[in-house]
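Worksheet for the structure shown next.
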Amino acid sequence: MASHVKKSFVGRIRDQLDQLSPSERRLAEFALDLPGDLAGYSASELAALAQVSNATVTRFVRRLGYESFDEARKHVRSEQRAGSPLAMAATTAVSEAAADDLVGAQRQQSLANIDATYRRLSSNEIEQIAAAILAARKVWVVGFRSSHPLAMYLRWQLLQIVPSAQVIPGAGETLGEHLAGIGADDVVIVFALRRRVRQMPTVVAQLAKACPNLVYVTERAASSKPSPRAAALAPAKWTLQCDVQGPGVLDNHTAVIGLCHLIVTQVMTMAGNPGRRHLGLVEAFHDSLDEI
């Protein structure tokens, strides 16, 4: 069992493909086509669909390292909650609805995500974050995987008014090289949208130790009751949850971009005349260099 602990459901299947009997391989190929479907079937239903016996299903899941079919199904469901596109591809009803009106489905979901996200935010919280950013010695923005371009977007917007903003780690760099320079009078903004890297709990814990002014941007949990793992990820002063549901297998980050816009707009508003002078200087250099 230990060798399977961090393996995805699909990874476990691929590890065993060469060792499967013909009937088990038929079941494996069926599961690989749409692994997320496993979450919605009973063992008997899966056996019937793959045209194998119930005993084959039992042998198959045990060969993958699960104690039972139910344990395997729970694993697939956890991967769906974590945002695995492959596991989420089982949502055929949503996909078919979206296919009828692709643009309409995306528009409706984007608006719903923005509405739900903004309803959870408080003006006071956004003002606190903006004030902390303006008062900070330096602003550090962190993001991995799909969160990296979101971190880059926020930093690019902040750069017009907060020249100290920096995304870390950069290409060829390690986070440890930057952690040594982060101080208590800085602000750290962490984008931690699913699917997070395994090291994220340690990364956030170390950042929180170095800097108490930590902003943690993540997705809204599917359940109203936060999981212990989610709670462990965020020892932050401010935690901002965004709705990222999409009508297909990929997350919709419209609300995250909206949150970035909200924060930067408040930073610019609170920056007052000094901020406008800096923005004017930026524009002057654009003109001098004929950049835009």
- Query: Only one of these conditions is not met by ASP115: (1) within 30 Å of GLY258 (Cα to Cα); (2) at pLDDT 85 or above; (3) surrounded by 14 or more Cβ atoms within 10 Å (Cβ to Cβ). Which number is it?
  - Reply: (3)
- Task: Would you please list the contacts, defined by Cβ atoms under 8 Å and residues six or more apart or on different chains, that run from a residue in segment 258-274 that is over 18 Å from LEU121 (Cα atoms) to a residue that is outside any helix (DSSP H, G or I)?
- Result: MET268/GLN160; MET268/ILE161; ALA271/ILE161
- Task: Provide a single number: the residues in segment 17-75 that are over 21 Å from VAL249 (Cα atoms), part of a loop (DSSP other than H, G, I, E, B) and of a type in the set (Phe, Trp, Tyr).
- Result: 1
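To keep it simple, each residue is scored yes or no on (1) modelled with pLDDT of 85 or more; (2) within 30 Å of GLY246 (Cβ to Cβ); (3) not aliphatic (A, V, I, L, M).
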residue	(1), (2), (3)
ALA31	no, yes, no
GLY36	no, yes, yes
LEU49	no, yes, no
SER53	yes, no, yes
THR56	yes, no, yes
ARG59	yes, no, yes
TYR66	yes, yes, yes
LYS74	yes, yes, yes
GLU79	no, yes, yes
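Rundown of residues vs (1) crowded, with 19+ Cβ neighbours inside 10 Å; (2) touching a Lys or Arg at 6+ places or on another chain (Cβ under 8 Å); (3) at pLDDT below 85, yes/no style:
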residue	(1), (2), (3)
ALA221	no, no, yes
VAL267	yes, no, no
GLY272	no, no, no
LEU281	no, no, yes
PHE285	no, no, yes
- Note on the structure: Restricting segment 180-195 to residues that are free of Cβ contacts under 8 Å to residues at least 60 places away in the same chain and under 30 Å from SER78 (Cβ atoms), the one farthest from the chain's Cα centre (by Cα) turns out to be VAL188
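Based on this model, can you work out whether ALA255 counts as farther than 25 Å from ALA135 by Cβ, modelled with pLDDT of 90 or more and either acidic (Asp, Glu) or open to solvent by less than 60 Å² (accessible area, probe 1.4 Å) (or both)? Even if it seems obvious, please write down each step before you answer.
Numbers: farther than 25 Å from ALA135 by Cβ: yes; modelled with pLDDT of 90 or more: yes; either acidic (Asp, Glu) or open to solvent by less than 60 Å² (accessible area, probe 1.4 Å) (or both): yes.
So ALA255 passes the test.
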- Note on the structure: Here the residues within segment 142-185 that are in contact with a Phe, Trp or Tyr (Cβ under 6 Å, 6 or more places away or on another chain) and closer than 14 Å to VAL256 by Cβ are GLY143, SER147, LEU150, ALA151
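The values are calculated or read from the model by the stated rules, or taken from the named source; none is laboratory data. These numbers were taken from a predicted model, which means no experiment stands behind them. Using ideal geometry, Cβ is built from the backbone for each residue, glycine included, and neighbour counts are taken over all protein chains shown. For the accessible areas, the whole protein counts, side chains as well, though only heavy atoms, and no ligand, DNA or RNA atoms are used. Shrake-Rupley method; radii C 1.70, N 1.55, O 1.52, S 1.80 Å.
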